[in-house]
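In what follows, a structure is listed as structure tokens, so that the remarks can point back to it.
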Amino acid sequence: MSWDWKVFLNDDGSGRTYLQWMFDAWGWTLSVAGLAWIVAMLIGALMGTFRTLPNSPWLVRLGNAWVELFRNVPLLVQIFLWYFVVPKVIPPMKEVPGFVLVVLALGFFTSARIAEQVRAGVQALPRGQRYAGMALGFTTAQTYRYVILPMAFRIIIPPLTSESMNLLKNSSVAFAVSIAELTMFAMQAQEETSRGVEIYIAVTALYAMSAFAVNRVMAVVEKKVQIPGYIVAGTAGGGH
């Protein structure tokens, strides 16, 4: 098998090289994944918190419904729904760029998984954490903000790392609605150049580098915020 890496220096017909096109696509991939991660974290934390609230059955049901809805429908189907169906059902959504719709679809899908992790993290804490907040005179909202959630997020950083890496990889399905990210670049460039081996190896390397970078960043965050020995204590208290 002959290898021709110079294919990336060839003009793609629009005045740029395939290498430039690939890095542009990488930028779109990182943009989709980064914005979807923000959406997922915000909504996932909110819904996960709702699912653990005492004396708030309707919020608990809302959180449970959110998780079951977005976790049990395949991501590709959700992207098609957001891209093709939602704008027809809600006419103002026709003015929303397709990029934003994909970000929402990916963010909401991932938020259901993060909500489950947040719920597990909160429930892993001993009851004494909640009682300590109450003893200080905190409201339920203040107890969650200052006592429970800061500890819960420390516990769930490892699964959040995996979920963040999965989100980056899941962004590849955006090609299905013509977002010019890495997977779409690979498919189109392979068709134009017939050098699929080189193209897909390069794209795979970029995905691997991106996922590894996410892993390292989260590892640093985990090291900075960890409380030595507490995860073991929290796990032991999960049955309380």
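Residues to consider are ALA65, ALA33; find the one that is among the hydrophobic types (A, V, I, L, M, F, W, C), open to solvent by less than 30 Å² (accessible area, probe 1.4 Å) and outside any loop (DSSP other than H, G, I, E, B). Steps first, answer last, please.
Details: ALA65 fails: open to solvent by less than 30 Å² (accessible area, probe 1.4 Å).
Criteria check complete, one pass: ALA33.
MET134 - would you say it is assigned to a helix (DSSP H, G or I), more than 29 Å from LEU69 (Cα to Cα) and out of contact with any strand residue (DSSP E or B) (no Cβ under 9 Å at 6 or more places or on another chain)? Don't jump to the end; show me each part of the working.
Working: assigned to a helix (DSSP H, G or I): yes; more than 29 Å from LEU69 (Cα to Cα): yes; out of contact with any strand residue (DSSP E or B) (no Cβ under 9 Å at 6 or more places or on another chain): yes.
Yes, satisfied.
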Inset, instruction - For segment 40-62, enumerate the residues that are in a helix (DSSP H, G or I), open to solvent by less than 30 Å² (accessible area, probe 1.4 Å) and among the β-branched types (Val, Ile, Thr). - result: THR49
Inset, instruction - For residues that are open to solvent by 70 Å² or more (accessible area, probe 1.4 Å) and assigned to a helix (DSSP H, G or I), tally how many sit in segment 176-189. - result: 2
Legend entry - Residue that is farthest from the chain's Cα centre (by Cα), among those in segment 81-90 that are open to solvent by 80 Å² or more (accessible area, probe 1.4 Å) and of a type outside the set (Val, Ile, Thr): LYS88
Inset, instruction - Give me the pairs, please: first residue somewhere in segment 45-68 and in contact (Cβ under 8 Å) with a residue 12 or more places away in the chain, second residue anywhere and loosely packed, with under 15 Cβ neighbours inside 10 Å and among the aromatic types (Phe, Trp, Tyr), beta-carbon distance under 7 Å, and either six or more positions apart or on two chains. - result: none
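Yes/no per residue for (1) within 15 Å of the chain's Cα centre (by Cα); (2) among the small types (Gly, Ala, Ser); (3) crowded, with 17+ Cβ neighbours inside 10 Å; (4) on the phi > 0 side of the Ramachandran plot:
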| site | (1), (2), (3), (4) |
| --- | --- |
| VAL118 | yes, no, yes, no |
| MET134 | no, no, no, no |
| THR140 | no, no, no, no |
| THR143 | no, no, yes, no |
| TYR146 | no, no, no, no |
| ALA152 | no, yes, yes, no |
| GLU191 | no, no, no, no |
| VAL197 | no, no, no, no |
| GLU222 | no, no, no, no |
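Residues GLN117, GLN129, GLN78: which one is part of a helix (DSSP H, G or I), farther than 30 Å from ALA174 by Cα and out of contact with any strand residue (DSSP E or B) (no Cβ under 7 Å at 6 or more places or on another chain)?
Sole residue among the options that is part of a helix (DSSP H, G or I), farther than 30 Å from ALA174 by Cα and out of contact with any strand residue (DSSP E or B) (no Cβ under 7 Å at 6 or more places or on another chain): GLN129.
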Legend entry - Residue list for segment 8-30, filter: in a helix (DSSP H, G or I), modelled with pLDDT of 75 or more and either over 31 Å from the mean Cα position of the chain (by Cα) or not aromatic (Phe, Trp, Tyr) (or both): LEU19, GLN20, MET22, ASP24, ALA25, GLY27, THR29, LEU30
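Yes or no, residue by residue, for (1) more than 21 Å from VAL177 (Cβ to Cβ); (2) of a type in the set (D, E, K, R); (3) touching a helix residue (DSSP H, G or I) at 6+ places or on another chain (Cβ under 6 Å):
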{"site": "PHE8", "(1), (2), (3)": "yes, no, yes"}
{"site": "TYR18", "(1), (2), (3)": "yes, no, yes"}
{"site": "ALA25", "(1), (2), (3)": "no, no, yes"}
{"site": "LEU30", "(1), (2), (3)": "no, no, no"}
{"site": "ALA36", "(1), (2), (3)": "no, no, yes"}
{"site": "ASN55", "(1), (2), (3)": "yes, no, no"}
{"site": "VAL67", "(1), (2), (3)": "yes, no, yes"}
{"site": "VAL89", "(1), (2), (3)": "no, no, no"}
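The values are calculated or read from the model by the stated rules, or taken from the named source; none is laboratory data. What you see is a predicted model; the values in this text were computed from it and never measured. Ideal geometry is used to build each Cβ from the backbone, glycine not excepted, and the neighbour counts take in all protein chains shown. Side chains are part of the model used for accessible areas, which takes the heavy atoms of the whole protein and leaves out ligands, DNA and RNA. Shrake-Rupley method; radii C 1.70, N 1.55, O 1.52, S 1.80 Å.
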